[in-house]
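Trainee: Please see the structure below; I have some questions.
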């Protein structure tokens, strides 16, 4: 009876002091090692598939395979599994990042849209100017077919600050790709002057990932300028609160590490 009474008191304290219970999660013996079998439900996949792709791509672009065009499926599965493990855990901090703040990764880097500055005096480029997907250039058509690419509209002309007119083609991919590597392949073809894709997504809530080898460390953060408006930042966020978790590769067991930074908005 005394043990039951103690549990009831602890529950009431947690309801009354939510942040304190978050802080104590990492030292609670029962909280460490809560396991998920990495069973990725359709709901989790719908909610976090884009986040998993972006986290996998960030890892890839910071590693030795940064020039590879395809994103390894195993890497996406690993990041999605880690996100699923946190989603299926029972920490108070999990409720903060999933239910209260609904934190997702900032929308960078882009993995399915990019632009190429092209030289319209080169013969094959005229096919894109005319709105055609394939050009007759073997290298360009190989890239278009191999990676499921399409031209969004036709080539557009823009006058930049120097007064020069540049020609831009907008391309999209049907599958998530490492655009850093793909653009480098296009830039090796005569007629492509340079390429660009979004490598920054403003500021606000974000999920960051650290590869520790045997585990992935996930940092969920809420950014804000005003404590009354979470995830609203005019430029770089003035304040940020971070919840840190660790997920083991071997069994998808999750551990809440800590919460730190500015006060919760």
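The values are calculated or read from the model by the stated rules, or taken from the named source; none is laboratory data. Quantities reported herein were computed from a predicted structural model and do not represent experimental measurements. As a convention, Cβ positions derive from the backbone with ideal geometry for all residues, glycine included, and neighbour counts pool all protein chains shown.
Trainee: Select from the stretch 53-69 the residues that are outside any loop (DSSP other than H, G, I, E, B) and more than 8 Å from the chain's Cα centre (by Cα) and list them in ascending order.
Mentor: Of everything in the stretch 53-69, those that are outside any loop (DSSP other than H, G, I, E, B) and more than 8 Å from the chain's Cα centre (by Cα) turn out to be 59, 60, 61.
To keep it simple, each residue is scored yes or no on (1) assigned to a strand (DSSP E or B); (2) farther than 30 Å from residue 84 by Cβ.
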residue	(1), (2)
163	no, yes
171	yes, yes
182	no, no
198	no, no
213	no, no
216	yes, no
220	yes, no
228	no, yes
241	yes, no
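Trainee: Taking the condition in contact with a helix residue (DSSP H, G or I) (Cβ under 9 Å, 6 or more places away or on another chain) and part of a strand (DSSP E or B), does residue 116 pass? Lay out the reasoning, then the answer.
Mentor: Values: in contact with a helix residue (DSSP H, G or I) (Cβ under 9 Å, 6 or more places away or on another chain): yes; part of a strand (DSSP E or B): yes.
Answer is yes for this residue.
Trainee: Hey, any hits in the stretch 76-88 for a residue that's part of a helix (DSSP H, G or I), without any contact (Cβ under 8 Å) to a residue 40 or more places away in the chain and under 17 Å from residue 177 (Cα atoms)?
Mentor: Within the stretch 76-88, one or more residues are part of a helix (DSSP H, G or I), without any contact (Cβ under 8 Å) to a residue 40 or more places away in the chain and under 17 Å from residue 177 (Cα atoms).
Trainee: Okay, next question. Evaluate the stretch 205-216: report whether one residue or more is surrounded by 20 or more Cβ atoms within 10 Å (Cβ to Cβ), over 15 Å from the mean Cα position of the chain (by Cα) and farther than 27 Å from residue 65 by Cβ.
Mentor: No: zero hits.
Trainee: Would you say residue 151 is touching a strand residue (DSSP E or B) at 6+ places or on another chain (Cβ under 7 Å), outside the structural domain of residue 61 (by TED's automatic domain parsing) and more than 25 Å from residue 108 (Cβ to Cβ)?
Mentor: no
Trainee: Please indicate, with yes or no, whether at least one residue in the stretch 129-150 is touching a helix residue (DSSP H, G or I) at 6+ places or on another chain (Cβ under 6 Å) and loosely packed, with under 14 Cβ neighbours inside 10 Å.
Mentor: Looking for residues that are touching a helix residue (DSSP H, G or I) at 6+ places or on another chain (Cβ under 6 Å) and loosely packed, with under 14 Cβ neighbours inside 10 Å, one finds at least one in the stretch 129-150, hence yes.
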